[in-house]
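Report on one structure; see the data block that follows.
What follows is calculated from the coordinates using simple rules that are stated; it is not laboratory data. What you see is a predicted model, and the numbers here were worked out from it, not measured in a lab. Please note: Cβ atoms are built from the backbone with ideal geometry, for glycine as well, and neighbour counts cover all protein chains shown.
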Amino acid sequence: MSEVIPGRVWVTGAGGLIGHACVEVARAAGFSDRVRPMVRAEIDLTDFPALERLFAHERPSGVIHCAARSRSPACQTDPAGARLQNVEVTRRLAELAADLPMVFLSTDLVFDGRRDGSKGGYREGDAVNPLSVYAETKVEAEAWVRRNPRHAIVRTSLNFGRSPSGPGAFNEELAAAWRAGRVVDLFVDEFRCPIAALESARRLWALLDSGQGGVFHLAGSERLSRYDIGQLVAEDLRRSEPDLAMPMRAGSLAGYSGAPRAPDTTLDCSKLTALLGEPMPAFTLWLRGRTTG
């Protein structure tokens, strides 16, 4: 159990990709004393009596809620478990933090990506239509969070980075497949707007500090296909593993017969850009401009 310092901001999912990035951003900016990293080994968020006792004991000043069951296959095979972790935990945290600012991390997959004539660019007020259990649980959780005008919902896209608890970022999953000698199939007609987890984390902190509630979109400024993204990840990985084979096949949703997939869930982030006064980064430029892993 970490030292009790009243008034710190709880960051749930601190062992995951974006939660860990939030802790790293705070450390780099010199305000790590504001942060209370919440990791699964220390507190099971589904143990609601224990969660309530800890909240009363520590008296946080805000919550950035990143913890979730986010792997879609696991959610599909265990919908009840997914709803417990993604909906009920969010509901309980929102109730506990009723008088505090809270930022809840949601997903672009709340949209089905199938609007007539659409090339993505979803705005915050557009109708949602989730195609998976994971996305359904995020829509349900959003409904609880939006009850409080002080609380913010942030829908994001694919995030690039390193996950302390194991491969979680899309780049880590691709790298793991290539290291295992597998060929990766990636669609040329499925589009997302990737962003670095560290860039997301900086904006999550800024949004929390702004005190603004409501729904916001946070993603990269580029509309890229899955295949484009794979090419960029391979280019980046060659910096550190130049001898690694990184085979990939270009596929199309037209010939796909698996579980439903959203073809284009790219996001319009102009609302958050205007609030924070900072444009969203172009993933290609960010990736090629970074100097460290």
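Annotations
- Between the beta carbons of A56 and T77, assuming R0 = 25 Å, the FRET efficiency works out to 0.10 to the nearest 0.05.
- Cα-centre dipole for the range 117-276 with unit charges at Cβ (Lys and Arg positive, Asp and Glu negative), debye to 20: 300
- The chain - charge dipole about Cα centre, Lys and Arg +1 at Cβ, Asp and Glu -1, debye rounded to 20: 180
- Between A28 and R223, the simple label model (points 7 Å from Cα in the Cβ direction) yields a spacing of 2.9 nm.
- Between 0 and 90°, nearest 10: helix 17-29 axis offset from the chain longest Cα axis: 70
- Rg and Dmax [Cα atoms of the chain; Å; Rg one decimal, Dmax integer]: 18.7, 55
- Listed residue (G277, Y256, S221) projecting farthest to the positive dipole end of the range 161-277, Cβ model: G277
- In terms of its alpha-carbon gyration tensor, the range 1-50 comes out oblate; a/c meets the 1.5 threshold, while b/c is at least as large as a/b.
- Shape of the range 186-293 from the C-alpha gyration tensor: oblate (a/c of 1.5 or more and a/b not above b/c, with a ≥ b ≥ c the square roots of its eigenvalues).
- Between 0 and 90°, nearest 10: helix 197-210 axis offset from the chain longest Cα axis: 30
- Taking the Cα centre of the range 220-260 as origin and assigning +1 to Lys and Arg Cβ atoms and -1 to Asp and Glu Cβ atoms, the resulting dipole is close to 160 debye.
- Taking the charge dipole of the chain about its Cα centre, with +1 at Lys and Arg Cβ atoms and -1 at Asp and Glu Cβ atoms, the residue from L105, T46, A206 reaching farthest to the positive side is A206.
- Ranked list, fewest to most other Cβ atoms within 10 Å of each Cβ, for D268, D47, D108, D243: D243, D47, D268, D108
- Both radii come from the Cα set of the range 205-262: Rg as radius of gyration, Rh as Kirkwood radius; their ratio Rg/Rh reads 1.15.
- Kirkwood Rh in Å, taken over all unlike Cα pairs in the range 1-131: 16.2
- Residues F48, F31, F191, F111 in ascending order of nearby Cβ atoms (within 10 Å, fewest first): F31, F48, F191, F111.
- Cβ crowding within 10 Å, taken as a proxy for footprinting-reagent exposure, orders K138, K271 from fewest neighbours to most as K271, K138.
- Using a cutoff of 8 angstrom between alpha carbon atoms and counting only pairs six or more residues apart, the relative contact order for the chain works out to 20 percent.
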